Amino acid sequence: MAVQLRKSFTFAIKSSLLITPVLTLLFGGILYYSNQFSWLPTILFALLCFVVCFSIIQIRVERFIYRRIKKIYDDVSLLESTTFSSKPVTTSMKTLTQEIEKFAQDKKIEIDTLKIREEYRKDFLGNVSHELKTPLFTVQGYILTLLDGAMNDKKIREKYLTRANKGVERLIYIVKDLDLITKLEVGDLKLEREDFDIIELIQNVFDLLEMKAAQKEITLTFDMEYTQPIFVNADKEKIQQVVSNLLVNSIKYGHPNGTTEVSVENLIKNKVIIRVTDNGEGIPKQHIPRLFERFYRVDQSGSRAEGGSGLGLSIVKHIIEAHDEKIYVESEVEVGSEFSFTLEKTLKSSE
């Protein structure tokens with residue numbers, strides 16, 4: 001098995017092997033010209049010269065390298081977040097190179113992450129500003145019009161106050177959604193789990209959205225007739241919000257005379273998967289990875305006219321993940337979209 005010497009040792013040995021013959025020749029020459037030449041003292045001198053040269057060079061090189069590497073460690077230690085500075089100082093160039101490469105790679109990942117977060121922060125602030133200023137300016141406009149004298153007309157006063165109230169309701173809706181998603185993200189929202197019939201819950205949401213769907217001439221339906229209840233264990237109120245948000249989206253972006261179909265299927269022994277499928281506009285593939293981001297809009301021009309807080313899908317994702325479940329999306333432009341999520345099935349469902 002080959003022995004791998006430290007590079008400083010290799011350097012010291014090679015340097016000593018270069019210096020020793022030169023000094024030995026000089027020493028032998030001096031003995032030769034003084035008629036005192038002998039092989040034994042010459043060989044002993046060569047050995048002694050090699051040991052002394054090796055020791056001096058090795059010590060000097062180690063100290064030289066150590067001082068400079070120590071400075072690198074000290075400079076890096078200024079970055080408080082790094083673990084590099086907590087490691088013992090090494091004079092092995094191979095080990096140092098590996099540590100620096102790992103350190104540089106970690107820092108690159110941190111920098112890339114910070115850049116992504118900065119872009120996300122800018123997008124988020126821009127979107128929040130846009131979502132809030134629209135109803136705020138609307139409310140302000142109606143109030144200023146009333147203050148300018150329109151309040152004296154009873155019909156205009158009632159009309160503008162009603163519209164201003166709708167603007168305030170939209171603001172409250174956005175703020176409530178922001179508060180909910182913040183709690184979900186920090187894990188501050190406690191789920192109240194219970195056993196309930198998911199078929200009944202979906203039917204209740206159908207009933208609540210019946211008029212909204214009728215306005216767009218969209219039919220809300222199950223994929224089949226479910227004669228038996230399917231019980232799941234989850235936060236009933238939050239899952240109703242998930243189903244409602246998905247159905248509202250399918251209505252909002254569905255084509256007239258379209259259909260939104262919901263199915264509940266057994267996935268594995270203790271899981272069911274709920275699918276919400278429509279034949280609406282569909283979503284371009286490049287938008288799908290960012291679909292669940294807060295305020296992210298596929299259509300920046302038309303979608304805002306549809307209303308909503310822009311937080312629906314983000315809330316859906318966080319609620320499902322808070323249940324330790326998964327949500328999926330598949331979509332094709334002008335064909336339709338399918339959102340699906342899993343839930344834990346209870347024993348009642350399997351009896």
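The values are calculated or read from the model by the stated rules, or taken from the named source; none is laboratory data. The structure presented is a predicted model; accordingly, all values stated were derived computationally and were not measured. FYI the Cβ positions are ideal-geometry reconstructions off the backbone, even for glycines, and counts take in every protein chain you see.
Every condition in (1) surrounded by fewer than 17 Cβ atoms within 10 Å (Cβ to Cβ); (2) closer than 27 Å to ARG294 by Cα; (3) of a type in the set (Ser, Thr, Tyr) holds for TYR253 except the one numbered (1). Filtered by the rule that a residue be part of a loop (DSSP other than H, G, I, E, B) and either over 15 Å from LEU313 (Cα atoms) or among the β-branched types (Val, Ile, Thr) (or both), region 250-281 gives GLY254, HIS255, PRO256, ASN257, GLY258, LYS269, ASN270, ASN279, GLY280, GLU281.
Condition check: β-branched (Val, Ile, Thr), in a helix (DSSP H, G or I) and modelled with pLDDT of 80 or more. Does THR162 satisfy that? Answer is yes for this residue. Does at least one position in region 167-176 carry a residue that is touching a residue at least 60 places away in the same chain (Cβ under 8 Å) and either farther than 17 Å from GLY312 by Cβ or loosely packed, with under 13 Cβ neighbours inside 10 Å (or both)? No: region 167-176 contains no residue that is touching a residue at least 60 places away in the same chain (Cβ under 8 Å) and either farther than 17 Å from GLY312 by Cβ or loosely packed, with under 13 Cβ neighbours inside 10 Å (or both). Is it true that LEU201 is at pLDDT 90 or above and hydrophobic (A, V, I, L, M, F, W, C)? Judged against the criteria, LEU201 is a match. With respect to GLN98, determine if the residue is of a type outside the set (A, V, I, L, M, F, W, C), surrounded by 10 or more Cβ atoms within 10 Å (Cβ to Cβ) and modelled with pLDDT of 70 or more. Yes.
Kindly check whether there is at least one residue in region 45-60 that is more than 24 Å from PHE9 (Cα to Cα) and assigned by TED's automatic domain parsing to the domain that holds PHE11. Scanning region 45-60 turns up no residue that is more than 24 Å from PHE9 (Cα to Cα) and assigned by TED's automatic domain parsing to the domain that holds PHE11. The residue list GLU261, GLU210 contains one member that is assigned by TED's automatic domain parsing to the domain that holds ILE327, exposed (fewer than 14 other Cβ atoms within 10 Å of the Cβ) and over 23 Å from ILE181 (Cβ atoms), which is GLU210. Each residue in region 140-155 was checked for being part of a helix (DSSP H, G or I), surrounded by 10 or more Cβ atoms within 10 Å (Cβ to Cβ) and without any contact (Cβ under 8 Å) to a residue 12 or more places away in the chain, and 5 pass.
For ASP112, the requirement of being outside any loop (DSSP other than H, G, I, E, B), under 30 Å from ASP177 (Cα atoms) and either at pLDDT 70 or above or not small (Gly, Ala, Ser) (or both) is met.
Taking the stated definitions as given, is VAL298 at pLDDT 85 or above and either out of contact with any helix residue (DSSP H, G or I) (no Cβ under 7 Å at 6 or more places or on another chain) or among the hydrophobic types (A, V, I, L, M, F, W, C) (or both)? The answer is no for VAL298.
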